[in-house]
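Remarks on the structure that follows.
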Amino acid sequence: MEMIPETHLDLLKDENKAFLYLGTLMSNGAPQVTPVWFNIDGTNILINTAEGRIKDRNMRARPDVALCITDPANPYRYLQIRGKVVEYTAEGADDHIDMLAFKYQGVSKYPSRNPGEKRIIFKIKPIKVDSHG
């Protein structure tokens, strides 16, 4: 990810279980923030959610987002990213959430799936990046 300073690339690696705090906008303009699991595809930051959740509805309607990824060992070291949702898809989303469950919890299947839940992957392109710490 070319916009991320080399000093903070470790925060994006799968070995690092850093959470991403996702900021979206509600229809009335109010901010909404959710901690989420994530990974990268080399160009974009990928997050996974269930269809119909607030962050799903917000990102589909208003694709500009703010992200903060903090170092689990030092919360004063973090990446602040402004980005844009460039794609969302259900294709591969079930496998993706299982992969994230393995990364964060060491389990092969996402344990919190609700019956009938449809998973969605959102691809977020970083537009502006600030590193701290």
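The values are calculated or read from the model by the stated rules, or taken from the named source; none is laboratory data. Keep in mind the model is a prediction, meaning the values are calculated, not measured. Virtual Cβ from ideal backbone geometry, glycine too; neighbours counted across all protein chains shown.
Looking only at residues in region 14-27 that are under 11 Å from the mean Cα position of the chain (by Cα) and in a loop (DSSP other than H, G, I, E, B), which one is nearest to residue 55 (Cα to Cα)? Even if it seems obvious, please write down each step before you answer.
Kept after step one, since they are under 11 Å from the mean Cα position of the chain (by Cα), are these residues of region 14-27: 18-23.
Cutting the leftovers down to in a loop (DSSP other than H, G, I, E, B) gives us 18-19.
Values: 18: 19, 19: 16 Å.
My answer is 19.
Could you figure out which of (1) under 14 Å from residue 100 (Cβ atoms); (2) surrounded by 12 or more Cβ atoms within 10 Å (Cβ to Cβ); (3) at pLDDT 95 or above isn't true of residue 25?
(1)
Please work out which one of (1) part of a strand (DSSP E or B); (2) surrounded by fewer than 16 Cβ atoms within 10 Å (Cβ to Cβ); (3) in contact with a Ser or Thr (Cβ under 9 Å, 6 or more places away or on another chain) is the condition residue 66 fails and give its number.
(2)
Just need a number here: residues in region 56-80 that are closer than 20 Å to residue 12 by Cβ and without any contact (Cβ under 8 Å) to a residue 40 or more places away in the chain.
2
For residue 11, indicate whether it is at pLDDT 95 or above and either β-branched (Val, Ile, Thr) or assigned to a strand (DSSP E or B) (or both).
no
Residue check: is residue 83 in a loop (DSSP other than H, G, I, E, B) and in contact (Cβ under 8 Å) with a residue 12 or more places away in the chain? Can you show your working first?
Numbers: in a loop (DSSP other than H, G, I, E, B): no; in contact (Cβ under 8 Å) with a residue 12 or more places away in the chain: yes.
Here the answer is no, as residue 83 does not meet what is asked.
May I ask you to say which residue of 61, 30 is aliphatic (A, V, I, L, M), at pLDDT 95 or above and over 20 Å from residue 80 (Cα atoms)?
Values: 30 fails: over 20 Å from residue 80 (Cα atoms).
When all the criteria are applied, what remains is 61.
Checking residue 19 against (1) touching a Pro at 6+ places or on another chain (Cβ under 7 Å); (2) at pLDDT below 95; (3) of a type outside the set (A, V, I, L, M); (4) surrounded by 13 or more Cβ atoms within 10 Å (Cβ to Cβ), only one condition comes out false. Which one?
Result: residue 19 fails condition (2) only.
Give the number of residues within region 71-80 that are among the hydrophobic types (A, V, I, L, M, F, W, C) and assigned to a strand (DSSP E or B).
Residues flagged as among the hydrophobic types (A, V, I, L, M, F, W, C) and assigned to a strand (DSSP E or B) within region 71-80 amount to 1.
Show the residue pairs that are 6+ apart or on different chains and have beta-carbon atoms under 7 Å apart, the first residue being within region 101-115 and of a type in the set (D, E, K, R), the second being part of a loop (DSSP other than H, G, I, E, B) and modelled with pLDDT under 95.
103/14; 103/17
Taking residue 3 and the conditions (1) modelled with pLDDT under 95; (2) surrounded by 16 or more Cβ atoms within 10 Å (Cβ to Cβ), which numbered condition does it fall short on, given that it satisfies the others?
Going through the list (1) modelled with pLDDT under 95; (2) surrounded by 16 or more Cβ atoms within 10 Å (Cβ to Cβ), residue 3 breaks only (2).
Any idea which residue in region 90-133 is nearest to residue 9 (Cα to Cα), counting only those that are among the basic types (Lys, Arg) and assigned to a loop (DSSP other than H, G, I, E, B)? If you could, list the steps in order and put the result at the bottom.
Within region 90-133, the first condition is being among the basic types (Lys, Arg), and the residues that meet it are 103, 109, 113, 118-119, 123, 125, 128.
Add one more test, that the residue is assigned to a loop (DSSP other than H, G, I, E, B), and what stays is 109, 113, 118.
Details: 109: 27, 113: 30, 118: 31 Å.
Selected residue: 109.
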